[in-house]
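The values are calculated or read from the model by the stated rules, or taken from the named source; none is laboratory data. Everything numeric here is computed off the predicted structure, so don't read it as measured data. Cβ coordinates were reconstructed from backbone atoms using ideal geometry, including for glycine residues, and neighbour counts include every protein chain displayed.
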Ligand code: TYM
């Protein structure tokens, strides 16, 4: 059984149990995830991460943050950061994150995160960071003078985001897999270096300091590709806006991007052909947006030409994104509501974070304050 199938079974069991035994809600597994408030949030972020969050929030204890501290690891515009942070929060809510089930907050509002990051840095071998693919790619593009130390230590902050909340599962797209592996290795290393009997001798409870989290990478949508090159990932930082569909793109912009996206000269539409990456990508997007199965989409589209398929895909995207855009507009125009949500989310998150941080200080032998 694949991970998502396991999660569905776990979700069903957890749902039926919590209906019978509401107190078991207290023991629900925890999920954390976040998106950087840089550039426009696109279909890759939505299909690879946010859409999965919405499905999981009914069965898990969920914390979703806007990772503003990660957004400063490359040169950025100070005039835009807080606006982009609010906008990202509004997108989470517009997409269906339900604040009666999930805590939504801004990463920098929980101070314990940066503190834990420092403690974790001392246990992170630099070789682990040097081999991160995203660091290599981003630093090559940015050039030496623009690469701050934070770009190298970014995965330690991400580990801190996750370990601070004792997360069980982390739903992310494929590109974050290596960061999740580092998080797991770091949790095990800290547990080994400072946990167990050594911690008990210092007056702690002993045992593991951190839960070792599992990545949750959706079977479809984990790697949405660019509209202009089916072999490259859809990305916020790609220079051409034509390469991505942003969640807030108006109808005519979506239609234009799909009209001009890269195609091929084969007839009919098919999944999984190595010679047709663009075709596979667009069919997968259509499948996820329409909620149909792969088989249904394969059958529906097999005899279509590109023109007919593009009209179908455009209509499906517009239908799916329009209600999100309407809700986003309502939420962003009510700053008091948004501030309330973020304030409440940060308070709940800080309570969990402070407990973990105290344990780490104690286990690492610091003088108790
Ligand atoms: P970020 O902001 O680059 O992306 C947010 C989420 O979107 C996913 N994603 C994609 N999924 C499918 N296809 C794509 N083309 C695509 N592009 C992006 C990413 O995998 C991610 O899940 N470091 C993270 C943010 C982060 C985080 C965390 C996530 C910081 N701390 C703790 C989880 C838990 C990042 O930069 O994501």
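Suppose we keep only residues that are within 12 Å of the ligand (Cβ to nearest atom), part of a loop (DSSP other than H, G, I, E, B) and modelled with pLDDT of 95 or more within region 218-228. Which one would you say is nearest to residue 257 (Cα to Cα)?
Across region 218-228, the extreme among qualifying residues is 227.
Which condition from (1) more than 30 Å from residue 46 (Cβ to Cβ); (2) assigned to a helix (DSSP H, G or I); (3) modelled with pLDDT of 95 or more is the one that residue 157 breaks?
(1)
Test residue 344 against the criterion of being surrounded by fewer than 18 Cβ atoms within 10 Å (Cβ to Cβ), modelled with pLDDT of 95 or more and out of contact with any strand residue (DSSP E or B) (no Cβ under 9 Å at 6 or more places or on another chain), and give yes or no.
Against the criterion (surrounded by fewer than 18 Cβ atoms within 10 Å (Cβ to Cβ), modelled with pLDDT of 95 or more and out of contact with any strand residue (DSSP E or B) (no Cβ under 9 Å at 6 or more places or on another chain)), residue 344 does not qualify.
Just one of 42, 70 is modelled with pLDDT of 95 or more and either out of contact with any strand residue (DSSP E or B) (no Cβ under 7 Å at 6 or more places or on another chain) or more than 10 Å from the ligand (Cβ to nearest atom) (or both); which is it?
Exactly one residue qualifies, and that residue is 70.
Residues in region 176-193: is at least one more than 15 Å from the ligand (Cβ to nearest atom), over 30 Å from residue 330 (Cα atoms) and crowded, with 18+ Cβ neighbours inside 10 Å?
Yes, region 176-193 has at least one match.
Output the number of residues of region 265-309 satisfying the condition of being within 28 Å of the chain's Cα centre (by Cα), outside any loop (DSSP other than H, G, I, E, B) and within 21 Å of residue 229 (Cβ to Cβ).
Residues meeting the conditions: 13.
Tell me which residues, restricted to region 326-336, are in contact with a helix residue (DSSP H, G or I) (Cβ under 7 Å, 6 or more places away or on another chain) and either free of Cβ contacts under 8 Å to residues at least 24 places away in the same chain or crowded, with 18+ Cβ neighbours inside 10 Å (or both).
Hits for region 326-336 are 328, 331, 332.
Hey, could you check region 232-261 for residues that are part of a loop (DSSP other than H, G, I, E, B) and more than 12 Å from the ligand (Cβ to nearest atom) and say which is farthest from residue 308 (Cα to Cα)?
Out of the qualifying residues, it is 239.
Only one of these conditions is not met by residue 83: (1) part of a helix (DSSP H, G or I); (2) in contact (Cβ under 8 Å) with a residue 40 or more places away in the chain; (3) surrounded by fewer than 18 Cβ atoms within 10 Å (Cβ to Cβ). Which number is it?
Residue 83 satisfies every listed condition except (2).
Find all pairs meeting these conditions: Cβ atoms under 9 angstrom apart; at least six residues apart or on different chains; first residue within region 161-172 and more than 7 Å from residue 216 (Cβ to Cβ); second residue near the ligand (Cβ under 6 Å from one of its atoms) and at pLDDT below 95.
172/222
Which residues, counting only those in region 110-127, are under 26 Å from residue 39 (Cα atoms) and within 14 Å of the ligand (Cβ to nearest atom)?
110, 113, 114, 117
Name the single residue, out of those in region 56-67 being more than 10 Å from the ligand (Cβ to nearest atom) and touching a residue at least 40 places away in the same chain (Cβ under 8 Å), that is surrounded by the fewest Cβ atoms within 10 Å (Cβ to Cβ).
58
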